[in-house]
1. If a residue must be in a helix (DSSP H, G or I), exposed (fewer than 13 other Cβ atoms within 10 Å of the Cβ) and not charged (D, E, K, R), how many such residues does segment 199-216 contain?
2. So residue 149 clears everything in (1) out of contact with any helix residue (DSSP H, G or I) (no Cβ under 6 Å at 6 or more places or on another chain); (2) modelled with pLDDT of 90 or more; (3) not basic (Lys, Arg) except one condition, right? Which one?
3. Looking only at segment 86-131, which residues are at pLDDT below 90 and among the basic types (Lys, Arg)?
4. If only one of 105, 92, 69, 121 is assigned to a strand (DSSP E or B), in contact (Cβ under 8 Å) with a residue 24 or more places away in the chain, over 14 Å from residue 145 (Cβ atoms) and not charged (D, E, K, R), which one is it?
5. Kindly establish whether residue 78 is surrounded by fewer than 17 Cβ atoms within 10 Å (Cβ to Cβ) and under 16 Å from the mean Cα position of the chain (by Cα).
6. Considering only segment 157-175, state which residues are of a type in the set (Asp, Glu) and either under 17 Å from the mean Cα position of the chain (by Cα) or modelled with pLDDT under 80 (or both).
7. Restrict the check to segment 226-243 and report whether at least one residue is assigned to a strand (DSSP E or B), in contact (Cβ under 8 Å) with a residue 60 or more places away in the chain and within 19 Å of residue 80 (Cβ to Cβ).
8. Would you call residue 50 touching a Pro at 6+ places or on another chain (Cβ under 6 Å) and assigned by TED's automatic domain parsing to the domain that holds residue 120?
Amino acid sequence: MVLILLNLKHLKKQPFDLVSFVGSLNNAEIYFAFVTDRKSNRIGNICGAFKQITGYSPTNYTGEECKKLLTHCPKLNLDYIQKSKVFFLNYLYNQPKEKRAAISLVRYAEFVCFNGHVCYLSLLCKPILFNRAMHPTGFVYIVSDITHLKKRGNTVSYIIDDNDKENIVKQIFDFAIIAKGHVVSIVEQRILRLLAEGDNSKIIADKLFLSKHTIMTHRKNMLFKFDCASTGELIKMAIMEGWI
C-alpha cells in the first residue's frame with residue numbers, strides 16, 4: 001500500500017503539484033496518476049506511464065470528465081466501480097471530519113487498451129482537497145498495472161482507514177466476481193467452493209441454510225452461463241479462473 005502524507009493547509013493555499021507528488025512515491029509497479037475535481041468530476045492532470053500502460057495519449061483525457069476514461073472499462077467493471085464509490089463516500093462522510101483525510105479507496109478494474117489488449121489495474125483513490133465542512137473537493141488517483149499479478153475474476157474493492165497506525169481499518173466490499181461477461185454471485189462462489197471440497201447438493205444446502213432445490217437451480221444456472229457440460233468441468237473452470 002502506498003502511504004500518502006499530505007499537508008491539507010498547504011494544499012488549500014497552493015495548487016496540487018501532481019508531478020512532484022508522484023515523483024515522491026516509492027512504487028515498484030508501473031503506474032500513472034491523475035487528479036479529479038469532485039464537483040465537475042473532470043481530470044485536472046495526468047502524469048506517469050499513462051501512454052505506456054493504456055496506449056492512449058493523456059492529452060485526450062486531460063480536462064475531460066472521468067467517464068470518458070471509464071468508457072474503456074467493460075460495463076460490468078464500470079458498474080462495480082461506481083458502486084464502490086458510493087460505499088466509499090458513505091463511509092467517508094460517516095467519519096469525524098478530522099479523520100477524513102486519512103481514508104482512501106482501493107479498487108480493481110479491467111481496462112481495454114488502445115491495441116485491444118485488456119490490462120488489469122489497481123486504483124488507489126485518496127481525497128486531497130477539502131472545503132470548510134471537510135467535504136472532499138478533489139481526489140488523486142494512483143493507478144498501477146498489475147496484470148501480471150491478477151487473479152482472474154477478482155473484483156474486490158476495499159477502504160483503508162489509517163487514522164490509527166496500529167489498528168488500520170480495512171473494510172472489504174466483495175460484491176461479486178465479474179467473469180466471462182457474467183456475474184458470479186457471492187452465493188454461487190460459496191456453492192462452487194463447497195462443490196470443489198466434494199460436498200453434494202444436500203450437504204451444501206444444509207451448510208448454507210438453503211433448500212436442495214435452490215442449490216440445484218444455482219448449479220444448473222452456472223452450467224448454462226459458463227457453457228460447461230458437467231459439474232466437474234465447472235469446478236475446474238472455477239479453480240483455473242480464480243473464482244474460488
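1. Qualifying residue count, segment 199-216: 1.
2. Here residue 149 meets the rest and fails (2).
3. Residue satisfying the conditions is 107 alone.
4. Details: 92 fails: assigned to a strand (DSSP E or B); 69 fails: assigned to a strand (DSSP E or B); 121 fails: over 14 Å from residue 145 (Cβ atoms).
On inspection, the qualifying residue turns out to be 105.
5. Working: surrounded by fewer than 17 Cβ atoms within 10 Å (Cβ to Cβ): yes; under 16 Å from the mean Cα position of the chain (by Cα): yes.
Here the answer is yes, as residue 78 does meet what is asked.
6. Looking only at segment 157-175, we keep the residues that are of a type in the set (Asp, Glu), and these are 161-162, 164, 166, 174.
Result: 161, 174.
7. Residues of segment 226-243 that are assigned to a strand (DSSP E or B), as a first pass: none.
No, the conditions are met nowhere in segment 226-243.
8. Values: touching a Pro at 6+ places or on another chain (Cβ under 6 Å): yes; assigned by TED's automatic domain parsing to the domain that holds residue 120: yes.
Yes; evaluated as a whole, the condition is true for this residue.
The values are calculated or read from the model by the stated rules, or taken from the named source; none is laboratory data. What you are looking at is a predicted structure, and each value in this text was computed from that prediction instead of being measured. As a convention, Cβ positions derive from the backbone with ideal geometry for all residues, glycine included, and neighbour counts pool all protein chains shown.
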